[in-house]
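Data block below; observations after.
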Amino acid sequence: MPIPQSVQVASGELRISAAVVERPAAAANAGRSLEELLTKLNIGSKGAAAVPIRLQLVDDPALGEEGYRLVVDDAIHLSARTDTGLLHAVQSLRQLLPARAQTQPEYRLPRIAIDDVPAYRWRGSSVDVARSFLSIEYLKQHIDRMALFKLNRLHLHLTDDQGWRIEIKRYPKLVEIGGASAVKDGRAGYYTQAQLKDLVAYAQARGVTIVPEIDMPGHVQAALASYNELACDDTKNLRPYSGVEVGFSVFCLEKPEVVYPFVRNVLEEVVAIFPSAQIHIGGDEIKHPLYADFVARTAAMVDAMGRTAILWEEGSVADIKPNVLLQLWNDGYAIEAAVAKGHPLILSPCSYLYIDHGNYKGQPGADWCRAEGLPLKRVYGFDPAPFKSAVGIEAALWTEFVHSDAATDDHLWPRLAAVAELAWSPAGQRSYAGFVQRMRALRPQLDALGVRYHPEPDLGWADTKGAH
Ligand code: ACM
């Protein structure tokens, strides 16, 4: 899970109770991940019957940047062009093994040959830590869970009206004031730059790139409350905000001498923390005569910093370079003209991929995009094929109504597994029935990771309790 491009099963099995790992120095992350797996399963290296596990970097263009091959015969062979590809191979091996250790281990592996490459290079989970905060510990756990499903982009929505979560050293009040607020009943807080750098490294070692979003020029009440001069002089309400309405706050675009130095200084600190080639600058839900000008200038600023901007779909009205990525979020948004200009798309259509919506009709929370909610089958049913310029797929978890770790788990899982399969697996291999069967089998892995997933009836999870 996600289902590979090709799986061939031969007869027989390989028994493994001890293993000897051979790996090139350049496969450090995959090596660490494999060692962790072996340790967790009590697979030591002692004994004449120790099975060789061979990690190999091979120059096979068919594997691309993330593809891998996994063969189990009398040994276990993992090959890829990159450390990242090998990391994915280790995850597939993990899924072939039990989720929990036996005391006297003797595990059975099928003799198998897997050839696998992702359909899309962008396989994302976005979380809104601005409305309601998530701890670094939670995010690390989330990265581990993402990695199990070969998801590789963690988009952090770091700023919004209700909170500013990233320390910016030149503007300390952003977190002193903006970090202290949250949506009603949500959690406040912020990340120091040291914490974020540590998180970036943790993610990198697991094949995940963290993509930061600073949402501008709207969705900025927390910034305005921290630095009032960013608002126009006649702005009435500069207090921190805990409501759920959107579209009311905006930088004072008539004061470019105030706004642009702020934007530049913030982005300079952001790019110094996050090595991501793409930086999200928001651009959603604000109408203003100077909006397109702001978007163009800010995207150009990101470009001059050696990165590429991502904008929500509305940014397509601005005069921006064709390499700027656009993130589609309203199902019917007229994106064709932007696609014709060459903009790559990240697909997050709300009626399939806004997983702040309920797992079922009537689950309390967001329902503005689809009143019936987004059951697992609905998410799985999204067809990305018509979007020829898509680089990938990303599910968004907004947190106006999702305030605890348990509620976050419940909204993310198992739906993110469906997202992973849409983003990784070729259309010809996908079927909901097969997905359901494989997810059932994978449940112990989720339990072992402590995931408090939604008890999805389609998976037969409604009547029984998991191990959590
Ligand atoms: C959005 O949901 N405003 C991107």
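Residue by residue through the range 196-206, which ³J(HN,Hα) values in whole Hz follow from phi under the Karplus form 6.51 cos²θ - 1.76 cosθ + 1.60 (θ = phi - 60°), with glycine and proline marked x?
5, 5, 5, 5, 4, 5, 4, 5, 4, 5, 10
For the range 65-141, what does the accessible surface come to per residue with a 1.4 Å probe? Please give it in Å².
Heavy-atom SASA per residue in the range 65-141 reads 34 Å².
Around Phe382, under 14 Å between beta carbons, what's the net of Lys plus Arg minus Asp minus Glu among the other residues?
Its environment carries a net charge of +2.
Under a point spin-label approximation (7 Å from Cα along Cα-to-Cβ), what is the Asn330-Lys361 distance to one decimal in nm?
2.6
Between the range 289-318 and the range 80-144, how far is it from one alpha carbon centroid to the other, in angstrom?
Taking the Cα centre of the range 80-144 as reference, the centre of the range 289-318 is 34 Å away.
Once you mark the GluC sites (Glu not before Pro) that are in a DSSP loop and have at most 13 other Cβ atoms within 10 Å, what is the longest gap between them in the chain?
With GluC sites (Glu not before Pro) excluded where exposed in loops, the chain gives 107-244 as its longest stretch.
Binning at 10 Å from 0, report for the range 304-445 what percent of all alpha-carbon pair distances ends up in each bin.
11, 37, 33, 16, 3
With unit charges on the beta carbons (Lys and Arg positive, Asp and Glu negative) and the dipole taken about the Cα centre of the chain, which residue among Leu151, Leu96, His280 sits farthest to the positive side?
Farthest along the dipole direction, towards plus: Leu96.
If the convex hull of the alpha-carbon atoms of the chain is projected onto planes in all directions, what is the mean projected area in square nanometres?
Over every viewing direction, the Cα hull of the chain projects on average to 22.3 nm².
I'd like the orientation of helix 432-448 relative to the chain: the angle between its Cα long axis and the longest Cα principal axis, in ° from 0 to 90, rounded to 10.
That works out to roughly 90 degrees.
Write down the accessible area per residue of the range 173-239 in Å², having rolled a 1.4 Å probe over the full set of protein chains.
Per residue, the range 173-239 has an accessible area of 40 Å².
Could you tell me which of the pairs Lys169/Lys255; Lys173/Lys287; Lys321/Lys361; Lys197/Lys377; Lys255/Lys388 are separated by over 31 angstrom between their Cα atoms in the structure shown?
Over 31 Å Cα-Cα: Lys321/Lys361; Lys197/Lys377; Lys255/Lys388.
Compute the long axis of helix 256-273 from its Cα atoms, compare it with the longest principal axis of the Cα atoms of the chain, and write down the angle in degrees, 0 to 90, nearest 10.
20
Output wanted: per-residue J couplings in Hz (rounded whole) for the range 365-382, from phi through Karplus 6.51 cos²θ - 1.76 cosθ + 1.60, θ = phi - 60°, x for Gly and Pro.
After applying 6.51 cos²θ - 1.76 cosθ + 1.60, I find x, 5, 8, 5, 8, 8, 4, 7, x, 10, x, 3, 5, 5, 4, 4, x, 5 Hz.
If I take R0 = 22 Å and measure r between the Cβ atoms of Leu449 and Glu106 in this structure, what FRET efficiency does the formula 1/(1 + (r/R0)^6) give, to the nearest 0.05?
After rounding to 0.05, the efficiency reads 0.40.
Sort out for me the Cα centre separation of the range 337-375 from the range 152-191, rounded to whole Å.
That distance is 24 Å.
Could you please report the charge total around Gly428, scoring K, R as +1 and D, E as -1 over all other residues with beta-carbon less than 15 angstrom from its beta-carbon?
Neighbour charge sum, excluding Gly428 itself: -3.
Treating the angle as unsigned and between 0 and 90°, give the value, to the nearest 10°, between the Cα long axis of helix 83-96 and the longest Cα principal axis of the chain.
Tilt of helix 83-96: around 60 degrees.
Counting Lys and Arg as +1 and Asp and Glu as -1, what is the net charge of the other residues whose Cβ lies under 14 Å from the Cβ of Asp185?
+2
Leaving ligands, DNA and RNA out of it, report the carbon-plus-sulfur percent of the accessible area of the chain at a 1.4 Å probe.
Carbon with sulfur: 52 percent of the solvent-accessible area.
The values are calculated or read from the model by the stated rules, or taken from the named source; none is laboratory data. Quick caveat, the model's predicted, so the values are computed rather than measured. Backbone-built Cβ (ideal geometry, glycine too); neighbour counts: all protein chains shown. Just so you know, the surface numbers come from the protein's heavy atoms only, side chains and all, with ligands and any DNA or RNA stripped out. Shrake-Rupley method; radii C 1.70, N 1.55, O 1.52, S 1.80 Å.
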